[in-house]
1. Tell me yes or no: at least one residue of the range 220-227 is of a type in the set (Val, Ile, Thr) and crowded, with 21+ Cβ neighbours inside 10 Å.
2. Return the total of residues in the range 129-152 being under 17 Å from the mean Cα position of the chain (by Cα) and closer than 17 Å to ALA189 by Cβ.
3. Across the range 100-154, what is the total count of residues that are out of contact with any helix residue (DSSP H, G or I) (no Cβ under 8 Å at 6 or more places or on another chain) and buried (at least 22 other Cβ atoms within 10 Å of the Cβ)?
4. Only one residue in LEU131, LEU77, LEU72 is free of Cβ contacts under 8 Å to residues at least 24 places away in the same chain and of a type in the set (A, V, I, L, M), so which one is that?
5. If GLY41 satisfies every condition in (1) among the small types (Gly, Ala, Ser); (2) within 16 Å of ligand 2 (Cβ to nearest atom); (3) out of contact with any strand residue (DSSP E or B) (no Cβ under 6 Å at 6 or more places or on another chain); (4) touching a residue at least 60 places away in the same chain (Cβ under 8 Å) but one, which is the exception?
6. Here's a check for you: in the range 69-93, which residue that is surrounded by 14 or more Cβ atoms within 10 Å (Cβ to Cβ) and over 17 Å from the mean Cα position of the chain (by Cα) is farthest from ligand 1 (Cβ to nearest atom)?
7. Working only within the range 81-110, note down all residues that are part of a loop (DSSP other than H, G, I, E, B) and acidic (Asp, Glu).
Amino acid sequence: MINLRGVTKIYGSGQTEFRAVDDITLDISDGEFVAIVGKSGSGKSTLLNLIGTLDSISVGSITVDGEEIGSLKGKELARFRNQKIGFVFQNFYLEPEYTVRECVEIPLILAGSFGKENTEKVDKALKLVDLSDKMKSKTKTLSGGEQQRVAIARAIINDPHFILADEPCGNLDGKNSENIMNIFKNLHAQGRTILMVTHDEQDAHMAQRIVTLADGRVISDEKNTLFY
Ligand SMILES: Nc1ncnc2c1ncn2[C@@H]1O[C@H](COP(=O)(O)OP(=O)(O)OP(=O)(O)O)[C@@H](O)[C@H]1O
Ligand SMILES: [Mg+2]
């Protein structure tokens, strides 16, 4: 469960003060698939980054499974990032010289896990994103769609409660976007909670719930009937 209470992110101060996220109160239940939409600059990435602890909240609070994330520090914060959430970005952010297998294993190593258990988990995650045959390739040699699939495998390797995705299909063509959306659909069907920022109306309608932002505020919050 994710609970946002009066969440505000202020950039700058005085005359240049700007509220990128402005007083957002929102509850996301376990198992929900939520699309976050809105015009460019409406605060979508800022909101996701606040939930993912990549940016700090100015006012308000966010609790994730009852834990107030603003108060997490050091080891606790590292554990939260490593195990509670899986982040997928528009630009993939993979280590270019690493092989696919190495890249997907990193979060496991950071969590203190080594050896055969890791091999099995990585195999399973790569199978899920249909990349078993590219396991030994360096990530920089992969296509965009393949790179995003590696990023998803890496994001889910520690079995996080929440998957946060910021325009995961933003740099992909139609066919690759469809593949990625199908993976998210499967992850949701397996019971995972997903928050996905998207510009694509069709992708947004794959979610159960569509939250629309404008000027850092929620202007609509609609539940959909899933069509799959
Ligand atoms: N570090 C920063 N300093 C100052 N302003 C910022 C900073 N980061 C974001 N902003 C501003 O906050 C607003 C919201 O940005 P954000 O990246 O969340 O928008 P977005 O909805 O994700 O847009 P897009 O669809 O273009 O990705 C924008 O006006 C942006 O210029
Ligand atoms: Mg953005």
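1. First, the residues of the range 220-227 that are of a type in the set (Val, Ile, Thr): 225.
Then drop every residue that is not crowded, with 21+ Cβ neighbours inside 10 Å, which leaves none.
Within the range 220-227, none of the residues are of a type in the set (Val, Ile, Thr) and crowded, with 21+ Cβ neighbours inside 10 Å.
2. 2
3. Count: 1.
4. Among LEU131, LEU77, LEU72, only LEU72 is free of Cβ contacts under 8 Å to residues at least 24 places away in the same chain and of a type in the set (A, V, I, L, M).
5. Condition not satisfied by GLY41: (4).
6. LEU72
7. We begin by selecting, within the range 81-110, every residue part of a loop (DSSP other than H, G, I, E, B); these are 89-98.
Across the range 81-110, the qualifying residues are GLU95, GLU97.
A short reminder: the numbers here are calculations on the coordinates, not readings from a lab. All values reported here derive from a predicted model rather than from experimental measurement. Methodologically, a virtual Cβ is constructed for each residue, glycine included, from the backbone with ideal geometry; neighbour enumeration extends over all protein chains shown.
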